[in-house]
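One structure is given here, and the rest of the page talks about it.
The values are calculated or read from the model by the stated rules, or taken from the named source; none is laboratory data. Just so it is clear, the model here is predicted, and its values are computed rather than measured. Neighbour counts run over all protein chains shown; Cβ positions are idealised from the backbone, glycine included. In case anyone asks, the SASA skips ligands and DNA or RNA and just uses the protein heavy atoms, side chains included. Shrake-Rupley method; radii C 1.70, N 1.55, O 1.52, S 1.80 Å.
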Amino acid sequence: MKKNLKQIIENCSKNIEGNEHNIKISLAAILSEGSILIEDYPGTGKTTFAKTITYNLGLDFKRIQFTSDLLPSDILGYSYFKGEELIFKKGPIFTNIVLADELNRGSAKTQSAFLEAMEEKNVTIEGNTEKLPSPFFVIATQNPMDSSGTSTLPDSQLDRFMISF
């Protein structure tokens, strides 16, 4: 990290007003190599929060919007033949911080593939294992259960997150 922690908190607080506690616990989770789960309604600044933290840490960031038709290959990547050569096209999970937006809107199969990559810090496609970048962290969001199109994340998936707010 190019800046000290106090500077990062101050800079983040300029863009994310009234969330100093959440900024501090999020940075503590990231420094501890943990991932974060944020639950709130759409339009409340969850994506801005994730982008601000990432920018101030000087890391690469990608956002994955979870929908019911999202496939594991849309996240992890896929292999294809170019002539006789097998080429691996990396998915958006290959970044330092990935925002898994509305994780509880995705299918169980897609959530499972994502969370496995999150836990193992690598992906295996067609027998080939690709390591994710280091550092690698997840900031996931989920909509409250009273939102349409959502499902409950099972405890076996929730335990992959160091903090939740």
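Things to note:
- When ILE93 is tested against (1) of a type outside the set (Gly, Ala, Ser); (2) part of a loop (DSSP other than H, G, I, E, B); (3) surrounded by fewer than 21 Cβ atoms within 10 Å (Cβ to Cβ); (4) modelled with pLDDT of 90 or more, only condition (3) is not met.
- PRO133 being open to solvent by 20 Å² or more (accessible area, probe 1.4 Å) and either among the acidic types (Asp, Glu) or part of a loop (DSSP other than H, G, I, E, B) (or both): yes
- Flag for GLU102 being acidic (Asp, Glu) and under 26 Å from ILE16 (Cβ atoms): yes
For (1) touching a residue at least 40 places away in the same chain (Cβ under 8 Å); (2) open to solvent by less than 70 Å² (accessible area, probe 1.4 Å); (3) touching a strand residue (DSSP E or B) at 6+ places or on another chain (Cβ under 7 Å), each residue gets a yes or a no:
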{"position": "LYS89", "(1), (2), (3)": "no, no, yes"}
{"position": "VAL98", "(1), (2), (3)": "yes, yes, yes"}
{"position": "ALA108", "(1), (2), (3)": "yes, no, no"}
{"position": "GLU119", "(1), (2), (3)": "yes, no, no"}
{"position": "THR129", "(1), (2), (3)": "no, no, yes"}
{"position": "SER156", "(1), (2), (3)": "no, no, no"}
{"position": "SER164", "(1), (2), (3)": "yes, no, yes"}
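- Each residue in segment 52-76 was checked for being of a type outside the set (A, V, I, L, M, F, W, C) and surrounded by fewer than 18 Cβ atoms within 10 Å (Cβ to Cβ), and 10 of them qualify.
- Enumeration of residues in segment 5-28 that are assigned to a helix (DSSP H, G or I), β-branched (Val, Ile, Thr) and free of Cβ contacts under 8 Å to residues at least 40 places away in the same chain: ILE9, ILE23
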